[in-house]
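What follows is a set of notes on a single structure, which appears directly below.
The values are calculated or read from the model by the stated rules, or taken from the named source; none is laboratory data. The model shown is predicted, which means the values in this text are computed figures rather than measured ones. With ideal geometry, Cβ positions are generated from the backbone for all residues, glycine too; neighbour counts draw on all protein chains shown. Just the protein is used for accessible areas: all its heavy atoms, side chains included, with ligands, DNA and RNA removed. Shrake-Rupley method; radii C 1.70, N 1.55, O 1.52, S 1.80 Å.
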Amino acid sequence: MKKTLFITSLCLASAGWAIELSPASLSAETPLVVQQPAPGLSAPAPNSKTPQVELLNPGVEPRQQLRLKPAIDVKETTVMTVKMDMDISASGQSSAAAKIPVSVMTFETKVTKIAPNGDIYYEFAYTNADIVGDTGNTQPAALNAMRSALKNMVGVKGSFIMDNRGFHKGGDIILPEGADNNVKQMVRQMSNSIEQLASPLPAEAVGKGAKWRVSSSSNFSGINVKDIATYELASWQDGVASMNVSIEQQANPQNISSPQLPPGTTLTLKSFASQGRGTATMRLDRLIPFRSTVSISSNSEMSAKTAGSSQESTIKTKMAMEMTLESK
């Protein structure tokens, strides 16, 4: 019985890390969204690194620099829908595939100022969040916990700054009155990831067929991850850009330290890899793309040991995620 509880707690922790490691997770922005702000985030952590942009192909003529020029005082409402399936096995025993309920979150953005150098000042707020549709085999207690976690994000708001290429430059966040430690932890984790969530535009002029790569590193709950997103400008006409994107994430073997672990447990990440593809359609005079979609799949393997025991448990996680974002 004691071992069963131990394995169960590890599975829950593994599921949490698998979700966090996804590029489109935590109601944050997928790297697919080139200029998308970082909702629920504040200034990046001191150990975060600025994303690097490498132009692979400038595309055909005519070319021009892609720069964000949103209008002041225009408010946008964005609905983000996330679908996820997960399969976890522990010590060689596979659990039933989990169909995680669909989550839907709504947030609003408003540009408040454009600086002479092109920097964009904007406000952000979560306005609604819930679980919808078929809840599958999710236990009522887990379902209530998920719904509560989403609902707790409503009211989180902040003010942020990005330059006209999409690089995050700073910001402040305001938590709802009475926000509990879970909300604070979620926001703190999102704050540590902000530079990875902002996918900047290339400095050079580009045309149809252009490709560029955005490389960055991130840390999710103590796991160091390398992120690579490759963009292709599929079309560019009348100020509207359509892009294709491929996403990769990898993590080297490493030890994991987290308060989510049972006391005395040592957890080691053996492998993690994630791949995804998507599309986005955006106007440079808007802060948010009016539509983007991304599909992601990931595989991870972890090993765990309890204090005073030589026995090792192995946890393998497979996850598939689809995210759609629509703005108006």
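A few notes on this one:
- Leading residue by the ranking (nearest to residue 52 (Cα to Cα)) among those in the stretch 170-189 that are of a type in the set (D, E, K, R) and under 18 Å from the mean Cα position of the chain (by Cα): 188
- The listed residue being open to solvent by less than 50 Å² (accessible area, probe 1.4 Å), at pLDDT below 95, in a strand (DSSP E or B) and more than 18 Å from residue 163 (Cβ to Cβ), out of 102, 79: 102
- Selection over the stretch 297-328 of residues that are in contact with a strand residue (DSSP E or B) (Cβ under 8 Å, 6 or more places away or on another chain), of a type in the set (Ser, Thr, Tyr) and open to solvent by 40 Å² or more (accessible area, probe 1.4 Å) gives a count of 3.
- Yes/no for residue 132 being surrounded by 15 or more Cβ atoms within 10 Å (Cβ to Cβ), at pLDDT 85 or above and under 21 Å from the mean Cα position of the chain (by Cα): no
- Where a residue in the stretch 149-173 is closer than 15 Å to residue 121 by Cβ and its partner, wherever it lies, is among the polar types (S, T, N, Q) and surrounded by 22 or more Cβ atoms within 10 Å (Cβ to Cβ), with Cβ under 8 Å and at least six apart: 162/35; 166/35; 166/199
- Within the stretch 237-254, residues that are at positive phi have Cβ atoms under 7 Å from residues that are buried (at least 16 other Cβ atoms within 10 Å of the Cβ) and of a type outside the set (Asp, Glu) in these pairs: 239/283; 239/284, counting only partners at least 6 apart in sequence or on another chain.
- Selection within the stretch 63-76 - under 20 Å from residue 128 (Cα atoms) and either of a type in the set (Phe, Trp, Tyr) or at pLDDT 90 or above (or both): 75, 76
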